[in-house]
Amino acid sequence: MFYLCLKPLLSRDKPTRDKSSTLLTPEGQSPSGQEVIVQEKTEENVMATGELNINHYPARRAAQVVQHYLNTRYGSPYRLLQLHKVHRGNAEDVADSGRKYELEISVQELNGNTTDKCSAEILFPRGEQQRSPQVQASCEEPLKINTKAQEEALYQQYKMNSGLLSAQHLPDSYGHIEPDMKPFWHLSIVAASFVMLNESSENTLYNMAQVANITQLATENDQLKFDSHILLHEMVSQEIIHWKLLFTWSPPDGVKVLQMEQLPHRHEGEKPLNTN
């Protein structure tokens, strides 16, 4: 058993999102293995209280926040955790604090297709400024698959390389990622999970869309350091949101996001900026 708690990262103003419903499809997955999400409209404008329908958007969105949280803690180039199923959900208003969700879910390790049951509490704070959700989660048997050897081999390869990694468009327009680039796609999803967790509310549903570019930076310490430009898909508003991230990774320390900056909105068809 393990027990985790995350405090809010940032406070910021954020526009209110459309409260349309989003449901997970039973089939189809993105290149990361994450389930494809399809938007559906709903006339329900008031958040449900009490026992939740596990197939409706309030439970699904709260569970997605837990997925982001677990990936910030345990994700790696060879381990990503994905929401597998919501088994039970309950929601209540907590005085002036906000709105609390209690969930029983199962998550899946993508590389090994193993599942683990988790209990979680998610508090979406209430206030004029949108703040990050507070998450507590406990899982029965976390991290069943040992990826230490793979992670150490990858770390040594890119720590000792005379040239620095540089890649673009993960995945490409056909959804393809070269096998040797998949660890860096996964690593970018872990880094992006810090942003998705920080930006989440009851009215959002974030997924990773693409790494526009990622560049390894020279460093004198024991961390691998990366500058990246990522694209997030906010499923409720259907926005593609661009972020610039500076993060480090090593097997013992995991991913540490040093800087995150939302980039200006660009119209469809406009080429991504070179942020390296």
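The values are calculated or read from the model by the stated rules, or taken from the named source; none is laboratory data. Treat the numbers as computed from the prediction; the structure is a model and nothing was measured. Positions of Cβ are backbone-derived with ideal geometry, glycine not excepted, and every protein chain shown enters the neighbour counts. All accessible areas refer to the heavy atoms of the entire protein, side chains included, with ligands and DNA or RNA removed. Shrake-Rupley method; radii C 1.70, N 1.55, O 1.52, S 1.80 Å.
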**Report entry** Output for the stretch 148-173, where each listed residue is part of a loop (DSSP other than H, G, I, E, B), over 17 Å from Leu217 (Cβ atoms) and modelled with pLDDT of 95 or more
**Finding:** Pro171, Asp172
Requested in this report: Confirm whether Ile177 is of a type in the set (A, V, I, L, M), touching a strand residue (DSSP E or B) at 6+ places or on another chain (Cβ under 8 Å) and under 18 Å from Pro251 (Cβ atoms).
Outcome: no
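Look through the stretch 224-264, keep the residues that are over 20 Å from the mean Cα position of the chain (by Cα) and open to solvent by 30 Å² or more (accessible area, probe 1.4 Å), and return whichever of them is farthest from Gly75 (Cα to Cα).
Pro264
Considering only the stretch 125-136, how many residues are modelled with pLDDT under 95 and not hydroxyl-bearing (Ser, Thr, Tyr)?
So the count comes out to 7.
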Report summary line: Of Leu224, Leu217, Leu232, the only residue that is touching a residue at least 24 places away in the same chain (Cβ under 8 Å) and within 19 Å of Pro171 (Cα to Cα) is Leu232
Report task. Consider Val211 carefully, then state whether it is touching a residue at least 24 places away in the same chain (Cβ under 8 Å), open to solvent by less than 10 Å² (accessible area, probe 1.4 Å) and not in a strand (DSSP E or B). Result -> no
**Report entry** Evaluation of Ala59 against (1) within 23 Å of Met196 (Cβ to Cβ); (2) at pLDDT 90 or above; (3) touching an Asp or Glu at 6+ places or on another chain (Cβ under 9 Å) (one fails), failing number
**Finding:** (3)
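Hey, could you check the stretch 82-122 for residues that are of a type in the set (A, V, I, L, M) and open to solvent by 30 Å² or more (accessible area, probe 1.4 Å) and say which is farthest from the chain's Cα centre (by Cα)?
For the stretch 82-122, the residue satisfying everything is Ala95.
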Report summary line: When Trp185 is run through (1) open to solvent by 10 Å² or more (accessible area, probe 1.4 Å); (2) of a type in the set (Phe, Trp, Tyr); (3) within 30 Å of Glu121 (Cα to Cα), the failure sits at (1)
